[in-house]
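Okay, structure first, notes after.
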Amino acid sequence: AQSVAQPEDQVNVAEGNPLTVKCTYSVSGNPYLFWYVQYPNRGLQFLLKYITGDNLVKGSYGFEAEFNKSQTSFHLKKPSALVSDSALYFCAVRDFGNAGNNRKLIWGLGTSLAVNP
Amino acid sequence: SAVISQKPSRDICQRGTSLTIQCQVDSQVTMMFWYRQQPGQSLTLIATANQGSEATYESGFVIDKFPISRPNLTFSTLTVSNMSPEDSSIYLCSASTNTEAFFGQGTRLTVV
């Protein structure tokens, strides 16, 4: 069965330090992987995606993520955290294997990132 | 990319009444979805809105409670029927291409 795991409910980092928000996935075919961010009382905003090609993907607001097929992971990273990065982060996967045209996203439970000044 | 306009942004409704949420996309998209989200929690897919045919509902959601329309490729509505306090939540519209999903700002519904 398709699934996404975000093992940490909350991540706390100091401003200026590097941050990592973890995501692992399970799909039967080739994964399309996504990160979204949700600021308080706002909708979801797209950060970045991995479809194919270079395993290191760069996205909005200085975020990047590395696709690791052997570890089935897609961790979100940023070299230097800002207080304004504090938000809820969601990892999602779409399986284009046996599902064919199924375009539903499978969502992780979310990780709350708190960046302390 | 696609821009999604969702309205109302919030509403407070009496139990037993119904609310219809509208979702307008600024470009033609293949798929549209409706989600429910409790504050601070993950997204739960309600249904896939199919253009010109009945929506495809996820387990635990039924058409009588959440009727959905999608008359064309850029517009969809979700109705929350016969509301109870348990329906209080954030409802999100999403439009999807092959490689990306876009979201409206959500409708914060409170049922009293």
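Annotations
- Label zone of A:Leu109 (point 7 Å out along Cα→Cβ, amide N under 19 Å): in the range B:19-53 this covers B:36-45.
- The mean sequence distance of close C-alpha pairs (under 8 Å, at least 6 residues apart), as a share of the length of chain A, puts its relative contact order at 37 percent.
- Each 5 Å bin from zero holds the following percent of Cα-Cα pairs in chain B: 2, 13, 24, 26, 20, 10, 3, 1.
- Percent RCO, i.e. relative contact order, over the range A:2-65, from Cα pairs under 8 Å lying at least 6 residues apart: 22 percent
- Relative contact order for chain B: 38 percent, from Cα pairs under 8 Å spaced at least 6 residues apart, divided by residue count.
- Other protein chain Cβ atoms within 10 Å, averaged over every residue that makes up B:90-99: 3
- Solvent-accessible area per residue, Å², over chain A with all protein chains present [probe radius 1.4 Å]: 47 Å²
- Percent of beta bridges antiparallel (DSSP, the protein assembly as shown, rounded to nearest 5): 90 percent
- For the range B:31-112, applying the loop criterion from DSSP together with a ceiling of 11 other beta carbons within 10 Å to the GluC sites (Glu not before Pro) yields no site.
- B:Ser59-B:Asp11 FRET efficiency (beta carbon distance; Förster radius 25 Å; 0.05 resolution): 0.40
- Taking all protein chains together and rolling a 1.4 Å probe, A:Glu64 ends up with roughly 40 Å² accessible.
- Largest-first principal axis extents of the Cα set of chain A (Å): 46, 29, 22
- Kirkwood Rh in Å, taken over all unlike Cα pairs in the protein assembly as shown: 18.3 Å
The values are calculated or read from the model by the stated rules, or taken from the named source; none is laboratory data. Keep in mind that what you see is a predicted model, and the values were worked out from it rather than measured. All Cβ positions, glycine included, derive from the backbone under ideal geometry; neighbour counts span all protein chains shown. All accessible areas refer to the heavy atoms of the entire protein, side chains included, with ligands and DNA or RNA removed. Shrake-Rupley method; radii C 1.70, N 1.55, O 1.52, S 1.80 Å.
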